[in-house]
Structures are given as C-alpha cells and as structure tokens.
Amino acid sequence: MSTKTKVLVVYKKTTLQRYGKDDARIAKLIAEGDASVDVLEHAHETHVATLERAKAYFKGRKDLSVTFRHQHDDDGNGWDLVLTLGGDGTLLWASHTVDASTPMLAINSSPDTSVGYFCAGDASELEELVDNALSGDLTPTRLTRMAVEVDGEVHTRRVLNDILFCHKSPAAATRYLITPLDTDGKPLGESEAHTSSGIWVGPAAGSTAAQRSAGGKVLRIQSKKIQWVVREPYRPGETELAHTKGLLKAGETLSVKSKIREGRIFFDGAQKVLKVDIGSEIRLRRSDESLTLLGLRARGRK
C-alpha cells in the first residue's frame, strides 16, 4: 500500500483579517481613501485568491495528504514538504518549526505589496512550483541558521534572518559587554563595553535586510558566516571601538552580556521575543541545523 506524500501549507493572515473591516478606524480610513491604508484591500484580496488557488490545486491531488494551518508548532509529523503562502515574514515564522531534513517552498501571495526575497514565485506559478518541488526538480539551497543561547540554555537553533538585542523601549540606550570567542571559548581580544541602540546578529540570509541597513556586509547566500552589526554605537570623545561589526567563522561564538534590566531579544522579527535581565549572557553561533529552501532566486548562488 502506497504512502501519501505529506504536505503542510502554512498561510498568513492579512492585516484586514487580523484587525478586521469592523475596526471603526480602519473602515473610516479605507472609506476616505487614506494613503496609510491604500494597499490593505488589494493585499488582502490577492492573498485570499492565492490561498483559494492553492486549496483548489491540492483538492485534486489524491496522491497527497495536505494540511492547511495558520499557526503551526514543530509537531514532529515528518512532513515531506512545507509550503508557505505569504511573504518573507511567513517563511521566517514557519521556518522555526522546520528541521534540517524538511524542504520548504515559499510562494509570495501578494507580490505587489511584499518583497518576497525568500519566495520561489507567486500565485501564477503555484502549481508548477509545487509539482517541481514534489518531483525533486526545484534547486535546493542550504541556508545557514544561527543558534541562540541565554545563560547556558539554548532557546533556538533556527534563526534564519537575525536577532535584535536591545532595550524594550526604542528610546532607551542598550548597554552590554561584547566579546568574540574562539573555537575553544576563549576571548578573541578584549571585551568591550557598548552603549548603542542595540545589536543585530544573524546568518547570511539576513544580511541584505537590517544588517545591511545598519552598515553591515551583504554576504553570499551560501556563506556559513555569522555577522554582527551594532546599531548607532555611542563613541564618547575620541573613543575607538573594535567590535561594532564583525564576522564569526566556524566554531566561533559572540558573547553579549546584558547591562540592562529590561533587555529583549527579537527572533526573526517581532513575534517571538525573550526577556533578558542584567547580568545575563547571550551566546550566538552558527547552528548545526540548516534550512533547505527550494527554488530560491536570491543573490550570489555561486
């Protein structure tokens, strides 16, 4: 007896779905044609059409066992393919539930309003892309992920884009000690005290986003290095800082020790957040758990 291929489809909820047209303020702004909401209805309609197209396509696939979910935890069900319908945020959010052995395919459900950096294509290509993914005809790209440890406890091994460590208030200073460590855990130079707006740390996949905006390098998509970039470092007087940006090689670690009570770590966006207290040490390094993304059209795959 043949076993059906198991496909998980993770889809986003649009802004209109999350807040609803019944929200008096949003309804008023839409009715007035206000510029602040001028794309909400279009993005919603495009995404819903993509979702319905996917449902219709999978309904006819008797060889597949397909599950649609908005929210998903790592349930260990052994999916053969995880498909996301949304944009980069949806892919990032879902990637935290996917292990190294499960391929992912991202479809941009609203390309007019979403960058879709990690996406293989849009709704017009959905059937072809899924067919090719299931037949093994889409090029896989192994993406490095990052592990995050706080006070000796590993919180995740699946950061794909970046983490931001900062004060919970964007108006407050973030204070910490930063120390790069070698493969034996020994300091690579002196520890350095920083006062800044926070620090971005992440693998190559995230280097075109916040890291680049903060002054970091754009890394080749297949680079295995981890990059850190300090946001708006404060340099009193003639103070020179050695560790405002850098790259970690295999086995190296970045230690960031909090000097504030109300620190926060944001993992791959704003949805997953961890409180960090004064004296806590964050350690960041390359994860041993990569991500397989299919059909990636991104930069520098050489």
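Read-outs throughout are calculated quantities, based only on the coordinates presented, and are distinct from any laboratory measurement. Computed from a predicted model, the values in this text were never measured in an experiment. For neighbour counting, all protein chains shown are included, and Cβ atoms are generated from backbone atoms with ideal geometry for every residue, glycine included.
Here is how the numbers come out for the structure above:
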{"read-out": "Selection count, segment 124-178, where residues are small (Gly, Ala, Ser) and buried (at least 21 other Cβ atoms within 10 Å of the Cβ)", "value": "1"}
{"read-out": "Residue list for segment 229-284, filter: assigned to a strand (DSSP E or B) and closer than 16 Å to residue 189 by Cα", "value": "245, 246, 247, 248, 253, 254, 255, 256, 257"}
{"read-out": "Matching entry among 82, 66, 98 (being buried (at least 18 other Cβ atoms within 10 Å of the Cβ), of a type outside the set (Phe, Trp, Tyr) and part of a loop (DSSP other than H, G, I, E, B))", "value": "98"}
{"read-out": "In segment 174-206, residue nearest to residue 240 (Cα to Cα) [restricted to those that are β-branched (Val, Ile, Thr) and assigned to a strand (DSSP E or B)]", "value": "195"}
{"read-out": "Answer residue from segment 232-258, given it is touching a residue at least 12 places away in the same chain (Cβ under 8 Å) and over 27 Å from residue 289 (Cβ atoms) and is surrounded by the fewest Cβ atoms within 10 Å (Cβ to Cβ) among those", "value": "242"}
{"read-out": "Looking only at segment 1-22, and only at residues there that are part of a loop (DSSP other than H, G, I, E, B) and surrounded by 14 or more Cβ atoms within 10 Å (Cβ to Cβ), the one that is nearest to the chain's Cα centre (by Cα)", "value": "12"}
{"read-out": "Test result for residue 109, in contact with a His (Cβ under 6 Å, 6 or more places away or on another chain) and over 27 Å from residue 254 (Cα atoms)", "value": "yes"}
